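The values are calculated or read from the model by the stated rules, or taken from the named source; none is laboratory data. Since the structure is predicted, the reported quantities are computational estimates derived from the model, not experimental observations. Reconstructed Cβ throughout: ideal geometry from the backbone, glycine too, with neighbour counts over all protein chains shown.
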Amino acid sequence: MIEGYSVLSHIPLKAGTPCHTPAGLTPLVHVDEPAARVMTDFRQVTPVTIEPGSRITTALDKMKMTGVRLLFVPDRDDHIIGIITAKDIQGERPVRLAQESGVLYGDISVEMIMTPLEEIIAVDLKSVEAARVGHIVNTLRSLERQHTLVVEVDRSTDQHIIRGMFSTTQISKLLGQDITDPEYAVHSFAEVQRELG
C-alpha cells in the first residue's frame, strides 16, 4: 500500500453493462477510409522511448509493459536518433552481434542494434492526408515493414518533425484482419471504389 492514499469504494457490476467508447466497442475501419484513421498521431499519443545505453532486455520489458512493439531512441536533447523494435531484439541481430563481437547477450545495449534514423523510411504527412487505409497497407507490405513513420515537412525550411506512425499490428486490429497474412489481399483504391460503387 502507498502511504497517504485510501482505497476507493467498490461497485459490483451488472451483466450487460454498456461500455462508453467514441465509436462503439470495435471501431473497425475499411481499406477505403482515410489513412489518418489508422495512424498513431503523436499530437494525441506520446511515443514510448528508451535510452540508447539501456540493455535490450530492459527495452523488451518496457515494450511488454506498455503494449508496444517499437520504441523511439532519443539523444540528450530529446531528438530521435533511432528506433528499436521487438523484432530487432528477438531476431538474429543480437545473437549475431554477440557471436561476432564477444559481447554477452545481456550486455547488448539498444544503441548497438537500433536502426539509426537516417536508415528509416518515412512517408510525408501530405501524402497521408490524401491516402486511404489500403494505400498504407500496400506501402507497408511493399516495403516489407511492420512500421513506417510519418513526417511533417516544413516546405520553406525542409525541416522534418516526426508526426506519427503506422503499424501493421494496429492496422490489423482496426481492420479486423491480419494484414501480414499472405491470404489478405488489398485492392487498389480504384478497385475498392468500383466494389463500393
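Selection of first residues in the stretch 153-167 that are touching a residue at least 24 places away in the same chain (Cβ under 8 Å) and hydrophobic (A, V, I, L, M, F, W, C) and of second residues that are in a loop (DSSP other than H, G, I, E, B) and crowded, with 19+ Cβ neighbours inside 10 Å, restricted to Cβ pairs under 9 Å at least 6 apart or on distinct chains, gives the following pairs, ordered by first then second residue: 165/39; 166/39. Within the stretch 139-159, the residues that satisfy the criterion of being polar (S, T, N, Q) and surrounded by 15 or more Cβ atoms within 10 Å (Cβ to Cβ) are 139, 146, 148.
Cβ-Cβ under 6 Å, sequence separation 6+ or interchain: first residue in the stretch 41-62 and touching a residue at least 24 places away in the same chain (Cβ under 8 Å), partner of a type in the set (Ser, Thr, Tyr) and surrounded by 12 or more Cβ atoms within 10 Å (Cβ to Cβ). Which pairs? Hits for this filter: 53/109. Within the stretch 69-85, restricting attention to residues that are closer than 17 Å to residue 163 by Cβ and either in contact with a Ser or Thr (Cβ under 9 Å, 6 or more places away or on another chain) or part of a helix (DSSP H, G or I) (or both), the residue that is modelled with the lowest pLDDT is 78. Only strands (runs of 3 or more DSSP E) whose full extent lies in the stretch 94-178 are considered here, and the ones with at least 3 residues that are of a type outside the set (Val, Ile, Thr) are 147-154, 159-167. For the stretch 160-172, the candidate set comprises residues that are among the hydrophobic types (A, V, I, L, M, F, W, C) and surrounded by 17 or more Cβ atoms within 10 Å (Cβ to Cβ); within that set, the residue that is farthest from residue 38 (Cα to Cα) is 162.
Apart from one condition, residue 109 fits all of (1) within 19 Å of the chain's Cα centre (by Cα); (2) farther than 18 Å from residue 36 by Cα; the exception is (1). Taking the stretch 1-36 as the range and being modelled with pLDDT of 80 or more and either surrounded by 10 or more Cβ atoms within 10 Å (Cβ to Cβ) or touching a His at 6+ places or on another chain (Cβ under 6 Å) (or both) as the test, the residues that pass are 28, 29, 30, 31, 32, 33, 34, 35, 36.
The set of residues in the stretch 32-52 that are out of contact with any Gly (no Cβ under 7 Å at 6 or more places or on another chain) and in a loop (DSSP other than H, G, I, E, B) comprises 33, 43, 44, 45, 46, 47, 48, 50, 51, 52. Of all positions in the stretch 80-90, at least one carries a residue that is closer than 22 Å to residue 148 by Cβ, among the basic types (Lys, Arg) and surrounded by 10 or more Cβ atoms within 10 Å (Cβ to Cβ).
For the stretch 115-136, the condition holds for at least one residue, the condition being that it is surrounded by fewer than 13 Cβ atoms within 10 Å (Cβ to Cβ), aliphatic (A, V, I, L, M), over 16 Å from residue 73 (Cα atoms) and free of Cβ contacts under 8 Å to residues at least 12 places away in the same chain.
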